[in-house]
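First comes the structure, then the notes that go with it.
The values are calculated or read from the model by the stated rules, or taken from the named source; none is laboratory data. Predicted model only: the values in this text are computed from it and were never measured. Here the Cβ positions follow ideal geometry from the backbone for every residue, glycine too, while neighbour counts run over all protein chains shown. To get the accessible areas, we keep the full protein, side chains included, count just its heavy atoms, and leave off ligands, DNA and RNA. Shrake-Rupley method; radii C 1.70, N 1.55, O 1.52, S 1.80 Å.
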Amino acid sequence: MKPQTPSAPNALCHETSPYLLQHADNPVHWYPWGEEAIGLARAENKPILLSIGYSACHWCHVMAHESFEDPATAKVMNELFINIKVDREERPDLDKIYQTAHYLLTRRNGGWPLTLVLNPQDHTPFFAGTYFPREPRHGLPAFTSLLRQVEGFYRQRGDELKKQDDSLREVLARMHIAPSAECPDARPLADARQQLEKAFDRRYAGFGQAPKFPHPTNLDRLLRHWAATSDDEEADTNALEMVRLTLHAMGSGGMFDQLGGGFCRYSVDDQWMIPHFEKMLYDNGPLLTLYAEAYAATGEAAFADIATDTADWVMREMQSPNGGYYSTLDADSEGEEGKFYVWTPTEVKSHLDTEAYAVFSRHFGLDRKPNFEGAWHLHVFRGLPEIAEELGITVDTAEACISRARESLFAVREQRIHPGRDEKILTSWNGLMIKGMATAGRLLDRQDWIASAQRALDFIRAQLWQDGRLLATHKDGKSHLMAYLDDYVFLIDGILALLQARWRDGDLAFAITLAETTLAHFEDKRDGGFYFTADDHEQLLQRPKSFTDEAIPSGNGIAAQVLNRLGHLLGEPRYLDAVERTLQAAWTGMTEMPRAHTALLTALEEWLQPPQTIVLRGSEASLQTWLTRCHAGYAPHRVCLPIPAQADTLPGLLAQRVSQGDCVAWVCSRHTCQPPITDIEAFQNVLDETTASR
């Protein structure tokens, strides 16, 4: 096996990942993760330099420009190492393992780019870090100096290295906690509520300090907590207020694209003013769900507006012609972070009439000092009622000015060079967005969003479901890589959201097939819970099984949620037993740090108090009328399926729910079902008992 020659493109040129292709012309002899590179490292006894990142990552681009495109740096890398580049979005299994290893080696949180050096024999890392500069600065050594030191350690201190590797592998093997013998109860729900309040930023909203991330699962937990207490004399209005304040702060801040819709990944400051400008599908799916549900809970039009702008952005910029949703938009354009989004007052003024500029500049802070590298990034500084009073105009006039200005400036911005778009289609992230579009479409009565979600599901079934198994990623006509836990359970969650918005023959059967595959290939049959990789996946340093939420909800949490809901819908005890085993497996972590397990807490809540399941059977016209009643208000513990009278071959208990007259509702709670309801007012009375007050 011969190494590549410097004059030829490296081995990444055959990949489909945009991130890997960005490095295909580097002078570094990069390889993708695989047996070719691993075998070469063993044969030549060279340590593996593993670099993990993703296409929208700003600091990944910085390190690439400084080091990986530099011939002198590449020469050192090529002489001393076998170099492997990984797209963390395609290989979250590798990312999870080596982020954990980074923490164990450094006692610091990781990030991207993630830089590790691995023993070629067993892939155990003995050095870990993130970004390193080409020249020494900010207390960091020069990258090449560091590489020489690390390679020297590998050559000269083999005995120490073996002891460290053995210790690390032992710790990784012990990370799975034995299941609890306790029967799960409601204690972590109250404890999480208190922990979230302690972490809440009362001045600017959100949790903790900068950098601030949206944490949609935390906000969902608080919203559900409020709903669970809303009928009590002492309703937890503080929980609702934390949600409201945070959603308003994020929606009026610079993390939200005030002209084009959609959220950036996080805010670099406490005030939600300046974001890290990349936009990720995985954030926007859960946030779309959350804003739509917050609108249903409160009736506040601002939440509906933000959901609308986000869903419209998804359809306009993130949905492929074939239906699947793309992954990310870069932070950078023309080599500068945020350049696409920022403005100067002179430029804005040249495109607006005098009245519109007077309102717009005050509203978004163009009358203040620049807030981003000498320019202005749009962030709401003053409310329209205050501005209207100052200018002597009506609030309606001020709103019309903002609407007119946004439309004009958006058209101008469209002429700029856009940030790069990563057009790979990831099954798991599509599941998150299918749920977001279906939920928002149902609650805001937007059939086009529901149709968008349906098209994405159809794409996955056509391109990423092969031989009875899911694949993880698709680009340029190629689907590949075995799917992970998140792919299966996020997609089931999206299908369940779609089924509540509209019925389509075959979708529920597909969800059941996915659930059965999840149980067969991912469940830990001995200790409970679900591994991140399947039982026939490539053997790696560790088989992760994580219960905590990260930027996306825990796969175990969503698995428990969807299996619980399917179990009650279908009367399938195997699913409910798997939920209980998962909760017991996660119980120690859930009780020690409940706020880090909010997706599992939702599963716990619905396990303790099973969701209300409603099956509607009848004519299409009647179904829509009854379904509208189901969708009114915020009812997170309700699952309502509108099944046309002519649908047949229904699974489980659904086969017994047959049409009786114009429309009939079958309402079940826990393991008890009421007699069929054929009067819509009687049906409304049942709904009123379980719908949170607005």
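Summary table below
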item	result
Residue-span extension gain [residue 122 to residue 312] - 0.36 nm each, minus C-alpha spacing	63.7 nm
Segment residue 386-residue 478, extension gain: residue separation times 0.36 nm, minus the distance between their alpha carbons	27.7 nm
Selection from 52, 464, 149, by position along the positive dipole direction of the chain (Cβ)	149
Under the Karplus curve 6.51 cos²θ - 1.76 cosθ + 1.60, θ = phi - 60°, whole-Hz ³J(HN,Hα) for the range 590-595, x wherever Gly or Pro sits	5, 7, 7, 9, x, 5
Separation of alpha-carbon centers, the range 236-298 and the range 439-505, rounded to whole Å	24 Å
Convex hull of Cα atoms in the range 161-210, direction-averaged projection (nm²)	6.7 nm²
Relative contact order of the chain, defined on C-alpha pairs under 8 angstrom at six or more residues apart (%)	12 percent
Heavy-atom accessible area order for 69, 580, largest first, 1.4 Å probe	69, 580
Flagged links, alpha-carbon separation over 28 Å, of 212/369; 339/424; 46/475; 339/369; 96/525	46/475
Relative contact order (%) - criterion: Cα under 8 Å, at least six apart; region: the range 546-596	31 percent
FRET efficiency, 1/(1 + (r/R0)^6) with R0 22 Å, evaluated for residue 183 and residue 574 via beta carbons	0.70
For the range 562-575, Karplus couplings with θ = phi - 60° (6.51, -1.76, 1.60), whole Hz, Gly/Pro x	6, 5, 5, 5, 5, x, 6, 5, 9, x, 10, x, 4, 5
Relative contact order of the range 294-344, pairs being alpha-carbon contacts under 8 Å that are 6 or more residues apart, as %	14 percent
Per-residue ³J(HN,Hα) for the range 674-685, Karplus 6.51 cos²θ - 1.76 cosθ + 1.60, θ = phi - 60°, Hz, x for Gly and Pro	6, x, x, 10, 10, 9, 5, 6, 5, 5, 4, 4
Inter-centroid distance (Cα atoms) of the range 508-563 relative to the range 323-344, Å	33 Å
Amide proton proximity set for residue 31, modelled H, under 5 Å, gap of 5+	83, 84, 85
Accessible surface ranking that places the most exposed of 667, 342 first, with a 1.4 angstrom probe	342, 667
For the chain, the fraction of alpha-carbon pairs in successive 10 Å shells from zero, as %	3, 14, 24, 25, 19, 10, 4, 1, 0
Separation of the residue 375 and residue 171 label points, Cα + 7 Å toward Cβ, nm	4.3 nm
Which of 290, 273, 319, positive extreme of dipole for the range 272-328 (C-beta unit charges)	319
The range 243-309, dipole about Cα centre (Lys/Arg Cβ +1, Asp/Glu Cβ -1), debye to the nearest 20	60 debye
Dipole-positive endmost among 229, 252, 264 within the range 223-274 (Cβ charges, Cα centre)	264
Total charge dipole magnitude, the range 29-91, about the Cα centre, Cβ charges on Lys, Arg, Asp, Glu only, Debye to nearest 20	160 debye
Where labels lie 7 Å past Cα in the beta-carbon direction, separation of residue 647 and residue 609 in nm	2.7 nm
Inter-part distance where the range 588-666 and the range 168-202 are each reduced to a Cα centre, Å	28 Å
Low-density loop positions, trypsin sites (Lys or Arg not before Pro), the range 431-527 - DSSP coil, at most 12 other Cβ in 10 Å	525, 526
For residue 639, distant residues with modelled amide H under 5 Å away	612, 613, 614
Largest to smallest accessible area among 155, 629 [probe 1.4 Å]	155, 629
Residue 571 long-range amide H proximity, modeled H, under 5 Å	653
Contour excess over end-to-end distance, with Cα ends at residue 656 and residue 628 and 0.36 nm allotted per residue	7.7 nm
Cα point-scatterer Debye curve for the range 193-330, base-10 log of I(q)/I(0) at q = 0.11, 0.18, 0.22 Å⁻¹	-0.39, -0.98, -1.36
Size of charge dipole - the chain - debye, nearest 20, with Cβ of Lys, Arg +1 and Asp, Glu -1, no other charges	1200 debye
